[in-house]
Amino acid sequence: MSDNPADYPSVSAWNRRSEREFVDGFPLAYPVFGEASFKEPCLVVSGSDGSRVVRLEFVEDRLREVDGRPVLDLVFRDDLLGLSIEHRFAVFAEQDLIARSVVLQNAGSEVLTLERALSAAIPLPPGEYDAWTLHGQWGREFGLFSRPLLPAKFVTESRRGTSSHEAHPWFAVRPRGETAEHSGSVWFGSLAWSGNWQAAFEVERNDAVNIVVGIQPFDFGWRLAPGEQLATPELLVGYSEEGLGGASRQLHQYEAQVQLPENHRERLRPVLYNSWEATGFDVRAEQQLALARRAAELGIELFVVDDGWFGARDNDRAGLGDWTVNPSKLPGGLRSLVDEIHKLGMQFGIWVEPEMVNPDSDLYRAHPDWAYHANGRESTFGRNQLVLNFARPDVQAAMYEQLRNLLKDHGRIDFLKWDHNRNWTEVGWPEEPDRQREVWVRHVQGVYDVHARLRSEFPWLMIEACAGGGGRSDLGILRWADQVWISDNTDAADRLQIQYGYSRAHSPRTMVCWVTDVPNQQTGRIAPLEFRFHVAMQGVLGIGGDIGEWSATDLAIARRMIEQYKQLRPVVQHGRQYWLVPPAAVGPCAVQYVSAAGDASVVFMYQVRGIRGAGARRARLRGLNAAPRYRRDGWAVERAERRKG
Ligand code: DGJ
């Protein structure tokens, strides 16, 4: 990093400018197209005459208090265009984070078109940096990558409709070559948005870095009529001198204390059973009840019936859109299953996929125009389904109504798993030609709105977000969902890596992990049951295997492990997390949790696919109090993972 101030034009130099001049290399909090700059802009607006130059004049600053926390608004205006813009800096002193966003308002009399409306820019002084980002695909989410920022641009993004499996709207920037987990400078950010997004990292001519983040500008357009406004999603930004670990703990605190739905924020997440891997689409009342009896014996607290209970859902070719009980599968109705499960002392949860429709469904037969489509073009199917146009108020209302009926007509449903299983294509709304490029954003707003309405009408309800595994695991959905299913890959060794990556950005109390059968359904690998449990205990423990088939020995192990997890759970779910040895494909891995008071700590240590006994067996513990003495309580050594055959 350069320490020569001459390398980096200062803000006072900017203020002293006597005439308009190029401002590349200046640290700008919100570069706009129209300034004399070639920086990647945050804002592009066209006026009714087609003009595309924006010139903002400072109007005022306002310091407000929201929920007891300071919010600074900087207000700017372009009178010629009739645009007003408020930059919001909400300060979270306890978590040492700032939430950045803007509110764009049409203060004139002509329609404006927003071509790009990002949330914020982060300027970094001239220097040499690496960008750290998360990437993957279905079954391999949250891989952590670093790359040097060199002249030119690096862009990470989603254009798939959700925040996506391929890239995650979280990033960190570190001085070049720094990799320490527990020390070193890190600038980081996380965008609270569950739709298309983009983060662009640009090295400028003076080696300063301009990072711009927000709603994906590709195929975005927003018609802003006089008086209307658009608020962008919040970008949480922070700085840590405690490496990526320190940065992650700040974000975990933010989720735990600010972002997560308030009514369940402090609630310990129940140990759950999910029947998907055991029964697939073949859901039948008796077979679910048999699983539930076994689950209750194991100490499970929440029983979740996954896909297959509704409409004509015998496979993935039919039923999506018809959220009514299939009477041949549940002849006594859903209510009797709900009641039986409650009698067993467990909560009841159920799976839905409200944004999707199979053409073979009553909903699609009645409303074929409710799915995204482009006139005269054939639609592409993903998993035999189409995406409902959730930008449409009538679609939102209809899906809300179906979900509401589901939640109120069958006794108390405690938990919804809200899934989303395909990327969006032919994202058209031919009936609203002026709004076509707004659908990417309006859809996400509609999804948030339906969540909000359900939460307010059914305050006891817990929601798990899911998108074919971890395709929609972001800070935005965690405003409305209590936890996330982060990957369909339940192979314990792979999970170590996936869970490590997820925890860079999100807290353990939101991370759902299942113990499943071996050979693993996704990878065919075999691993000892204790190892599978200890990996799943890193977050919210669940079981997803066919416990009806488990041996007496395995059931006894499961009972013991669940009991043990319940004792550790307050520290795991609510403690501070430290990766002592980050996971590698082969070798040791260790993660530690420390209670808020620092009086208890949990450590998981693994040896993955290595030679038994080889590799590190020691790790320096973190975050403990210097004065007290700690007593070791519990000890478990597991065998290395075995490969099938
Ligand atoms: C994808 C999810 O990730 C799985 O857990 C399961 O719910 C299936 N969808 C059901 O179709």
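The values are calculated or read from the model by the stated rules, or taken from the named source; none is laboratory data. Predicted, not measured: the structure shown is a model, and the values here were computed from it. Every residue, glycine as well, gets a Cβ built from its backbone with ideal geometry; the counts of neighbours run over all protein chains shown. Areas reflect the complete protein model, heavy atoms only, side chains present, ligands, DNA and RNA absent. Shrake-Rupley method; radii C 1.70, N 1.55, O 1.52, S 1.80 Å.
Summary of values
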| item | result |
| --- | --- |
| Sole exception among (1) open to solvent by less than 10 Å² (accessible area, probe 1.4 Å); (2) free of Cβ contacts under 8 Å to residues at least 40 places away in the same chain for ASP394, by number | (1) |
| Number of the exception - VAL484 against (1) part of a loop (DSSP other than H, G, I, E, B); (2) within 19 Å of VAL271 (Cα to Cα) | (1) |
| Residue count, segment 512-521 (criterion: assigned to a loop (DSSP other than H, G, I, E, B) and surrounded by 18 or more Cβ atoms within 10 Å (Cβ to Cβ)) | 4 |
| Segment 474-506, residues that are buried (at least 24 other Cβ atoms within 10 Å of the Cβ) and within 11 Å of the ligand (Cβ to nearest atom) | VAL484, TRP485, ILE486, SER487, THR490 |
| Given (1) open to solvent by 10 Å² or more (accessible area, probe 1.4 Å); (2) not in a helix (DSSP H, G or I), index of the condition VAL571 fails | (2) |
| Qualifying position, being modelled with pLDDT of 95 or more and in contact with a Lys or Arg (Cβ under 8 Å, 6 or more places away or on another chain), among ALA200, ALA225, ALA231, ALA180 | ALA200 |
| Sole exception among (1) more than 21 Å from the chain's Cα centre (by Cα); (2) away from the ligand (no atom under 16 Å from the Cβ); (3) not in a helix (DSSP H, G or I) for GLN538, by number | (1) |
| Residue in segment 397-411 that is open to solvent by 10 Å² or more (accessible area, probe 1.4 Å), within 16 Å of the ligand (Cβ to nearest atom) and in contact (Cβ under 8 Å) with a residue 24 or more places away in the chain present | no |
| Where a residue in segment 533-548 is at pLDDT 95 or above and its partner, wherever it lies, is among the hydroxyl-bearing types (Ser, Thr, Tyr) and part of a helix (DSSP H, G or I), with Cβ under 7 Å and at least six apart | MET537/TYR565; LEU541/TYR565 |
| Test result for ALA536, in contact with a strand residue (DSSP E or B) (Cβ under 9 Å, 6 or more places away or on another chain) and within 27 Å of ILE557 (Cβ to Cβ) | yes |
| Exclusive hit being of a type in the set (A, V, I, L, M, F, W, C), under 26 Å from TRP514 (Cα atoms), part of a strand (DSSP E or B) and in contact with a Phe, Trp or Tyr (Cβ under 8 Å, 6 or more places away or on another chain), set VAL338, VAL283, VAL304 | VAL304 |
| Of all residues in segment 616-634 being surrounded by fewer than 13 Cβ atoms within 10 Å (Cβ to Cβ) and within 11 Å of MET605 (Cβ to Cβ), the one that is modelled with the highest pLDDT | ARG618 |
| Filter result for the condition that a residue is touching a residue at least 24 places away in the same chain (Cβ under 8 Å), among the hydrophobic types (A, V, I, L, M, F, W, C), in contact with a strand residue (DSSP E or B) (Cβ under 7 Å, 6 or more places away or on another chain) and farther than 22 Å from ARG267 by Cα, over LEU529, LEU496, LEU555 | LEU496 |
| Residues within segment 367-416 that are closer than 18 Å to THR162 by Cα and part of a strand (DSSP E or B), tallied | 6 |
| Members of segment 220-265 that are part of a strand (DSSP E or B), open to solvent by less than 10 Å² (accessible area, probe 1.4 Å) and not hydrophobic (A, V, I, L, M, F, W, C) | SER240 |
| Which numbered condition ASP546 misses (of (1) within 16 Å of the ligand (Cβ to nearest atom); (2) within 26 Å of the chain's Cα centre (by Cα)) | (2) |
| Odd one out for TRP370, checked against (1) among the aromatic types (Phe, Trp, Tyr); (2) away from the ligand (no atom under 16 Å from the Cβ); (3) in contact (Cβ under 8 Å) with a residue 40 or more places away in the chain | (3) |
| Elements of type strands (runs of 3 or more DSSP E) contained in segment 123-179, each with 2 or more residues being more than 23 Å from GLY245 (Cβ to Cβ) | 152-158 |
| Exclusive hit being over 25 Å from GLY545 (Cβ atoms) and either within 16 Å of the ligand (Cβ to nearest atom) or surrounded by fewer than 21 Cβ atoms within 10 Å (Cβ to Cβ) (or both), set GLY333, GLY299 | GLY333 |
| Residue that is farthest from ASP517 (Cα to Cα), among those in segment 270-280 that are outside any helix (DSSP H, G or I) and away from the ligand (no atom under 11 Å from the Cβ) | PRO270 |
| Yes/no for GLU353 being within 16 Å of the ligand (Cβ to nearest atom) and of a type in the set (Asp, Glu) | yes |
| Selection status of TRP440, assigned to a loop (DSSP other than H, G, I, E, B), aromatic (Phe, Trp, Tyr) and away from the ligand (no atom under 16 Å from the Cβ) | no |
| Residue within segment 145-166 that is in contact with a helix residue (DSSP H, G or I) (Cβ under 9 Å, 6 or more places away or on another chain), of a type in the set (A, V, I, L, M, F, W, C) and touching a residue at least 24 places away in the same chain (Cβ under 8 Å) present | no |
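To keep it simple, each residue is scored yes or no on (1) open to solvent by less than 40 Å² (accessible area, probe 1.4 Å); (2) in contact (Cβ under 8 Å) with a residue 24 or more places away in the chain; (3) under 20 Å from ALA398 (Cβ atoms).
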| residue | (1), (2), (3) |
| --- | --- |
| ILE413 | yes, yes, yes |
| LEU416 | yes, yes, yes |
| HIS420 | yes, yes, yes |
| GLU426 | no, yes, no |
| TRP429 | yes, yes, yes |
| PRO433 | no, no, no |
| CYS466 | yes, yes, no |
